[in-house]
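The values are calculated or read from the model by the stated rules, or taken from the named source; none is laboratory data. All values derive from a computational prediction rather than experimental measurement. Note that each Cβ is placed from the backbone with ideal geometry, even for glycine, and that neighbours are counted across all protein chains shown.
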Amino acid sequence: MRFTSERRLDDGVLEREFILDGIPGILWTPASASAPAPLILLGHPPLGLRAMYPRLVARARDSVARGFAAATIELPGSGDRPRWPAADRARSDLRRAMEAGRPVGDEIVDALVLPLVGKAVPEWRAALDALLPLPGIGGPVGYSGGLISVGIRLAVVEPRVSAAVLFAGSLVPRALVEEARQVTVPLHVLLQWDDEGNDRQASLNLFDAFGSREKSLHAHLGGHTGVPQFAGDAAAQFFTRHLM
């Protein structure tokens, strides 16, 4: 890991950009701490860190204010990383199907999601290998948001992830719905009831499939971007209970 920039935000949060094996990332840590801070991995959609930065830094500052460190990395084929033609074709197929009002078939979902999960999850694990030994950072680890399929796989294969906040989505391959039965960490799942790009029943079926003994579903009226502020507060309290 090589840090490429460092700055203090106006609330004292230390923000450091880094490169890990060619993958850009950002780490946010408290100004000072009496003990190593638990780490929250901030997931995001494949729109690029620069595009997502305003939302990511707001989530990170809230996490740090509550005593956590927070980090994120660029997803494969996004942002400043090399383009991934297969992913671009799959996104185009998805967009055409949705614009035409056609059902999004399993073949499109599999082509779009499975390769991304296969590449992204090992990179998140490599990021953990590099982040956890840093001064001021310790376990346990939480995963928050982003693509729910990435969260499923990470929760199954990464024992250092102790709890997860997931944003419900329906573009989940059948293979990952089956993997969800192997998830055992505590889960806090957010669902926007009127999400225009989400099949509500598919999201409910996925929640039912999760194998965790402690899981809760928090549904709110409104579209994809209408998550209320108090929903974020509840998710933060969930992490405080399980990671502090």
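Name the pairs whose Cβ atoms lie under 8 Å apart, with the first residue in the stretch 108-126 and within 17 Å of PRO85 (Cβ to Cβ) and touching a residue at least 12 places away in the same chain (Cβ under 8 Å), the second in a helix (DSSP H, G or I) and acidic (Asp, Glu), and 6 or more positions between them or separate chains?
ILE108/ASP93; ALA111/ASP93; LEU112/ASP93
Can you find, within the stretch 135-153, the residue that is nearest to ILE26 (Cα to Cα) among those that are free of Cβ contacts under 8 Å to residues at least 60 places away in the same chain and of a type in the set (A, V, I, L, M)?
Among them, the one singled out is ILE148.
Do any strands (runs of 3 or more DSSP E) entirely within the stretch 1-92 hold 3 or more residues that are buried (at least 17 other Cβ atoms within 10 Å of the Cβ), and if so, which?
Qualifying strands (runs of 3 or more DSSP E): 14-20, 23-29, 37-43, 69-73.
If you go through the stretch 191-202 one residue at a time, do you hit one that is part of a strand (DSSP E or B) and under 17 Å from the mean Cα position of the chain (by Cα)?
yes
Can you name the residue in the stretch 180-202 that is at pLDDT 95 or above and not hydrophobic (A, V, I, L, M, F, W, C) and is also farthest from LEU243 (Cα to Cα) among such residues?
Here the answer is ARG181.
Just checking, how many residues over the stretch 24-49 are more than 21 Å from the chain's Cα centre (by Cα) and closer than 14 Å to ARG61 by Cβ?
1
Somewhere in the stretch 50-68, is a residue touching a helix residue (DSSP H, G or I) at 6+ places or on another chain (Cβ under 6 Å) and small (Gly, Ala, Ser)?
no
Condition (residue is crowded, with 16+ Cβ neighbours inside 10 Å and touching a strand residue (DSSP E or B) at 6+ places or on another chain (Cβ under 6 Å)) applied to the stretch 220-229: is it met by at least one residue?
no
Check ALA234 against each of (1) over 22 Å from ARG55 (Cβ atoms); (2) at pLDDT 90 or above; (3) among the aliphatic types (A, V, I, L, M); (4) surrounded by fewer than 16 Cβ atoms within 10 Å (Cβ to Cβ) and name the one condition it does not meet.
(1)
Being buried (at least 18 other Cβ atoms within 10 Å of the Cβ) and under 20 Å from VAL227 (Cα atoms) is the filter here; which residues of the stretch 172-197 pass it?
LEU187, HIS188, VAL189, LEU190, LEU191, GLN192, ASP195
Output the residue which, of all residues in the stretch 101-121 that are within 12 Å of ARG91 (Cα to Cα) and either of a type in the set (A, V, I, L, M) or crowded, with 19+ Cβ neighbours inside 10 Å (or both), is modelled with the lowest pLDDT.
Taking the candidates together, the pick is VAL104.
Of ALA219, ALA155, which residue is of a type in the set (Gly, Ala, Ser), in a strand (DSSP E or B) and over 23 Å from ALA65 (Cβ atoms)?
Result: ALA219 is the single residue among ALA219, ALA155 that is of a type in the set (Gly, Ala, Ser), in a strand (DSSP E or B) and over 23 Å from ALA65 (Cβ atoms).
Among the residues of the stretch 137-146, are any under 19 Å from LEU112 (Cβ atoms) and part of a helix (DSSP H, G or I)?
no
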